[in-house]
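Below is one structure; the comments refer to it alone.
The values are calculated or read from the model by the stated rules, or taken from the named source; none is laboratory data. Note that the structure is a prediction, hence the values are computed from the model and not measured. Cβ sites come from the backbone with ideal geometry, for glycine too, and all protein chains shown count toward neighbours.
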Amino acid sequence: MGVRTLYRILFESRLVDVLSKLCYVVWLLTTREGKEWMKGGKSKEEVYVLDTSAIIKGFVPPDDAKCYTVPEVVSEVRDDISRARLSSYNVMILEPKDWAVRRVKRMARLTGDLEKLSDTDVKVLALAVILKDRMSDDVHLVTTDYAMQNVASNLGIEIVPLYDREIDEVIGPGENKWKK
């Protein structure tokens, strides 16, 4: 990546906040994932995107896995045990881009799940979309939420269900959920 690309990211992109632009560039330049992405390749690492339920229910990621979530999930984790668990995961907290949020909302609207998803759910899904698109093909969403699982499956994101709370059937875009 050259100076022109960095210039484009900083000054010509649609990122609103200067601080988020700076954080993004720092991420690109300092992390292995960012360096892999700049080279045009995807990492072979397992990536886990955590919903609040993953932290509260005690999901244990593999030792070599990378864990990510959004700031809203961190603020939803309130009890001491879950907070301790969250800090032990060494989670990277990222804010998803607007294009990914729009993509998730479009798919959720098509599958009929949009009304069931909170803003936090949409952001977690959007982060999974970004990580799958830019970083690794091995991205897993960890959640107990059926609507999130359905949208993620339709977006090509693997699901790690907790306590056998996995959807039985994926409802595709335009399918009637209430078949008789």
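Regarding the stretch 65-88, can at least one residue be identified that is basic (K, R) and free of Cβ contacts under 8 Å to residues at least 12 places away in the same chain?
Taking every residue of the stretch 65-88 in turn, at least one turns out to be basic (K, R) and free of Cβ contacts under 8 Å to residues at least 12 places away in the same chain.
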Just one of the numbered conditions (1) assigned to a loop (DSSP other than H, G, I, E, B); (2) surrounded by fewer than 17 Cβ atoms within 10 Å (Cβ to Cβ) is not true of L110; which one? (1)
Tell me yes or no: at least one residue of the stretch 157-179 is of a type in the set (F, W, Y), at pLDDT below 70 and surrounded by fewer than 19 Cβ atoms within 10 Å (Cβ to Cβ). yes
I'm trying to understand the selection: among the residues of the stretch 115-147, which are over 11 Å from the mean Cα position of the chain (by Cα), part of a helix (DSSP H, G or I) and within 23 Å of I55 (Cα to Cα)? K116, D119, Y146, A147
Residues being at pLDDT 90 or above and part of a loop (DSSP other than H, G, I, E, B): count how many of those fall in the stretch 80-107. 4
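Somewhere in the stretch 46-56, is a residue in a helix (DSSP H, G or I) and without any contact (Cβ under 8 Å) to a residue 40 or more places away in the chain?
Yes: one or more hits.
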Would you confirm whether any residue within the stretch 136-151 is on the phi > 0 side of the Ramachandran plot and free of Cβ contacts under 8 Å to residues at least 40 places away in the same chain? no
